[in-house]
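Sharing a structure with you now.
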Amino acid sequence: MTKKKLRSQEWFGGKDKMGFVHRSWMRNQGYPDDMFRGRPVIGICNTWSELTPCNGHLREFAEFVKKGVLEAGGFPLEFPVMSLGETIMRPTTMLFRNLASMDVEESIRANPLDGVVLLTGCDKTTPSCIMGACSVDIPTILVPGGPMLNGKFRGGEIGSGSFNWTIKEGQKTATFSDEDLLEAEIGAARSAGHCNTMGTASTMATMAEALGLTLPGVSSIPAVDSRKKVMTQLAGRRIVEMVNEDLTLSKILTRKAFENAIKVNAAVGGSTNLIIHLQAIAGRIGVPLHLSDFDELASHIPLLLNLMPSGKYLMEDYFYAGGISVVLKEMAKVLHQDVLTVNGKTFADNYAKAPCYNRDVIATYDRPFQENAGIAVLTGNLCENGAVIKPSAASKRLMQHTGRAVVFESMEDYHARIDDPDLDIDENCVIVLKGVGPKGYPGMPEVGNVDLPEKLILKGVKDMVRISDGRMSGTAYGTVVLHVSPESTIGGTLALVQNGDLIELDVPARRLQLLVADAELAQRRQAWQPPEPLAERGYVKIYIDNVEQADKGADLGVLVGKSGSQVDRDLH
Ligand code: FES
């Protein structure tokens, strides 16, 4: 017996013509009578796709969810949603995050579902699914697909994504041959799962657990570990109970849950992409969250993980060391302990006992790998609405730096000129990249950590200050200022920067300043012309016309908020 009137019975419970229609066509898949008689119907929202290699194992995972749902007395129904393959899609998956979230939202609302299990993995698949589910707000649990096994190369270990940033340098300095690259290509991705660094996918899985949306401990389990399948099956059982308890997303996603997620991201050295996704999720569920919260709540949080890109180990090592549960236990004194999670218990209940098996991978809170590891939010005349930098991935010597701007008006301009031997640039310059914001690219790609010029690489230069309105891969590192808002394409001050201008970056003071007189800037602003529109039709036009700026989460304005699960009209 269920404790609540089931939403699905509005479809399957009718004795009239429409009840017949809803049930009868489902029967062609071979379901017996009792599936339609008051069992909670659980949607398995699957981002499986052969074009999303990080999620290629999720079809198999859906079968484990189904087992769990059936064991608990539910009726599982798997459905596909748009999947976003980070390494394949052009021009960038971020252009499609909001589109995928619409697919998730409308698929859940339009169908007879009482609860939903989100199967996610690759970077954008997790936030897009959570965003869509929030706008419906029925009981929801997330199963992160898990990281790949450690990458192997030349007898050592390589991290997905992080290795990519060494390729140009290795080729220019002739330390990588073509054969080496082929060997690394195969060794880097040698099992199912998403990137094995604390890149954006691992960050998103961690975020989901820190928000209370997963079963405890699941976010750090490798994709191919049998314990992942056990947890997947248990998620199937648990979602049925959640429906009976009416444990909806909005009961879990409180302001306290978001505060926990922000702090945990600092402690694990998570991606700057968390900011933009967490703000979009908060916007959907209706929790106020401001860019400044990320600095105020977490810039003092220490780094507890020695994982790439901020450290040396990988996600597999992290799991063997005790995983996310150890981190959450270590952070007990700074996290809200009374927040509810999907298993119906609080943080305090879930993470009180978590032994650590390797302190070289997970530090104690009092003896961390680095102090003050949280993301810094910058303000100044170059970013009136803010910009961000990840100090744990940056060079200490560049945290306070004034340099001459070398400006690239677009990615194409950058590629055309960056390796020109005559380019007037040295290691003290500041690389400024325009036109890579939400509206400008469009889609705000992960290009902020552009490669350094070849002639400086050959001189042994490893890092320079780079500033853009784009994002950066969670696997990347460097002194990279990102998410400059407003973006250059809509006339933010970034659009006015010229070659030779001085730019001051002062991370301790949280300042990013273009050292050009106000009168000169006013003149440049008057002369500035907006670029031609990049699309005249289709989704890309809808996106450009509606996307919000980075400091607000880059959601489409019309998607912010929720409409609930009620659908008043039948299909008649
Ligand atoms: Fe899919 Fe990194 S490319 S998680």
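All of the numbers you see were taken from the coordinates with simple rules; none came from a lab. Keep in mind that what you see is a predicted model, and the values were worked out from it rather than measured. Backbone-built Cβ (ideal geometry, glycine too); neighbour counts: all protein chains shown.
Taking a Cβ-Cβ separation under 4.7 Å as the criterion for a possible partner, which cysteines of the chain have none?
C45, C129, C134, C195, C356, C383, C429
On to the next question. Report P(r) for segment 463-572: all Cα-Cα distances, bin width 5 Å, range 0 to the bin holding the largest distance, values in whole percent.
Distribution as computed: 2, 8, 14, 17, 17, 14, 11, 6, 4, 2, 2, 2, 1, 0 percent.
Take the Cα atoms of segment 469-519, find their three principal axes, and give me the spread along each one in whole Å, biggest first.
Per principal axis, max minus min of the Cα coordinates gives 40, 27, 19 Å.
Just report the Cα centroid separation between segment 64-139 and segment 418-444, whole Å.
Taking the Cα centre of segment 418-444 as reference, the centre of segment 64-139 is 36 Å away.
Sticking with this structure for a sec: I need the shape label for segment 73-130. Rule: rounded when a/c is under 1.5, else prolate if a/b > b/c, else oblate, with a, b, c from the alpha carbon gyration tensor. Each step should come with its number before you reach the end.
Values: a/c = 2.95, a/b = 2.06, b/c = 1.43.
Prolate, because a/c is 1.5 or more and a/b exceeds b/c.
Please report, in Å, the Rg and the Dmax of segment 1-97, where both are computed over Cα atoms only.
16.9, 50
Now for a different question. Compute and list, largest first, the equivalent-ellipsoid semi-axes of the chain from the alpha carbon gyration tensor, each √(5λ) rounded to a whole angstrom.
Numbers: eigenvalues 339, 142, 96 Å².
Taking √(5λ) for each eigenvalue gives 41, 27, 22 Å, largest first.
Between segment 224-285 and segment 511-552, what is the C-alpha centre distance in whole Å?
Segment 224-285 and segment 511-552 have Cα centres separated by 34 Å.
Over the Cα atoms of segment 351-396, what is the Rg over Rh ratio if Rh follows Kirkwood?
Numbers: Rg = 16.0 Å, Rh = 13.5 Å.
Rg/Rh: 1.18.
If amide H atoms are built 1.01 Å from N in the plane of the peptide, which residues on other chains or at least 5 residues away come under 5 Å of the amide H of E78?
I44
For segment 353-380 and segment 451-465, what is the separation of their C-alpha centers, rounded to whole Å?
29
Considering the alpha-carbon set of segment 220-287 alone, what are its Rg and its Dmax in angstrom?
Rg then Dmax for segment 220-287, in Å: 14.8, 37.
Along segment 76-90, what does the Karplus equation 6.51 cos²θ - 1.76 cosθ + 1.60 (θ = phi - 60°) give for ³J(HN,Hα), rounded to whole Hz, x for Gly and Pro?
Calculated HN-Hα couplings, in order: x, 9, 7, 9, x, 10, 3, 10, 10, x, 4, 8, 10, 6, 10 Hz.
Another question, then. For Cα pairs less than 8 Å apart in space and 6+ apart in sequence, what is the mean separation divided by the residue count of the chain, i.e. the relative contact order in percent? Walk me through the numbers before you get to the answer.
On the way: 1333 pairs, mean separation 82.3, N = 572.
Relative contact order of the chain: 14 percent.
Straight-line reach only, C-alpha to C-alpha below 30 angstrom: list the lysines that K17 could link to, leaving out same-chain residues fewer than 8 apart.
K3, K4, K5, K66
By the gyration tensor of its Cα atoms, with a ≥ b ≥ c the square roots of the eigenvalues, what is the shape of segment 390-526: rounded for a/c under 1.5, prolate for a/b over b/c, or oblate?
Working: a/c = 1.26, a/b = 1.22, b/c = 1.03.
Taking the square roots of the gyration eigenvalues as a ≥ b ≥ c, segment 390-526 is rounded.
Using a basic spin-label model with each label point 7 Å from the Cα along Cα→Cβ, how many nm lie between H415 and R190?
3.2
Using label points projected 7 Å from each Cα along Cα→Cβ, tell me how many nm separate F153 and R37, to one decimal.
In this crude spin-label approximation the distance works out to 6.0 nm.
With each pseudo-label sitting 7 Å past Cα toward Cβ, what's the V567-A535 distance in nm, one decimal?
Modelled inter-label distance: 2.5 nm.
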